[in-house]
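So the structure is just underneath, and the comments pick up after that.
The values are calculated or read from the model by the stated rules, or taken from the named source; none is laboratory data. Predicted model only: the values in this text are computed from it and were never measured. Cβ coordinates were reconstructed from backbone atoms using ideal geometry, including for glycine residues, and neighbour counts include every protein chain displayed. In case anyone asks, the SASA skips ligands and DNA or RNA and just uses the protein heavy atoms, side chains included. Shrake-Rupley method; radii C 1.70, N 1.55, O 1.52, S 1.80 Å.
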Amino acid sequence: QVQLVESGGGLVQAGGSLRLSCAASGSIRSINTMGWFRQAPGKQRELVAAITSGGSTNSADSVKGRFTISRDNAKNTVYLQMNSLKPEDSAVYYCAVNKLGLWYWGQGTQVTVSS
């Protein structure tokens, strides 16, 4: 099993920044992709950004140029730096990691951007 602990969510004004962190523990060998998803009320969960163990990244068009994903393999931690936040970025953000084809999910952290 993989345990994920997220931190860094909160309330911020539009244009502000937040940094999310997610630390993985437990059976962490063979984790490949680490990523962030988000789900707003009434909407489907969507990929925000992901990063492979080799450092390749992918992100949603809506966050390109504003959000940056990174990871520290030594700490088994993935980060999401969110800049120029918009009200439409408000959602519960979930950390997820893929290990041998299975996704493991964190509990989620609320991000609220006020206009």
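Of note:
- With a Förster radius of 30 Å applied to the beta-carbon distance between Gln13 and Lys75, the computed FRET efficiency rounds to 0.50.
- Rounded FRET efficiency, nearest 0.05, which uses the C-beta distance separating Thr112 from Asn83 and R0 of 25 Å: 0.95
- Placing +1 on the Cβ of every Lys and Arg and -1 on the Cβ of every Asp and Glu, with no other charges, gives the range 11-115 a dipole of roughly 160 debye about its Cα centre.
- Qualifying trypsin sites (Lys or Arg not before Pro) for the range 15-85 [loop in DSSP, other Cβ within 10 Å: at most 11]: Arg29, Lys43, Lys64, Lys75
- On the range 24-88, 44 percent of the accessible area sits on carbon and sulfur atoms, based on a 1.4 Å probe.
- Residues listed by number, the range 85-115, amide nitrogen under 13 Å from Ala60 label point at 7 Å toward C-beta: 86-95, 111
- Accessible area per residue for the chain is 53 Å², calculated with a 1.4 Å probe on protein heavy atoms, without ligands, DNA or RNA.
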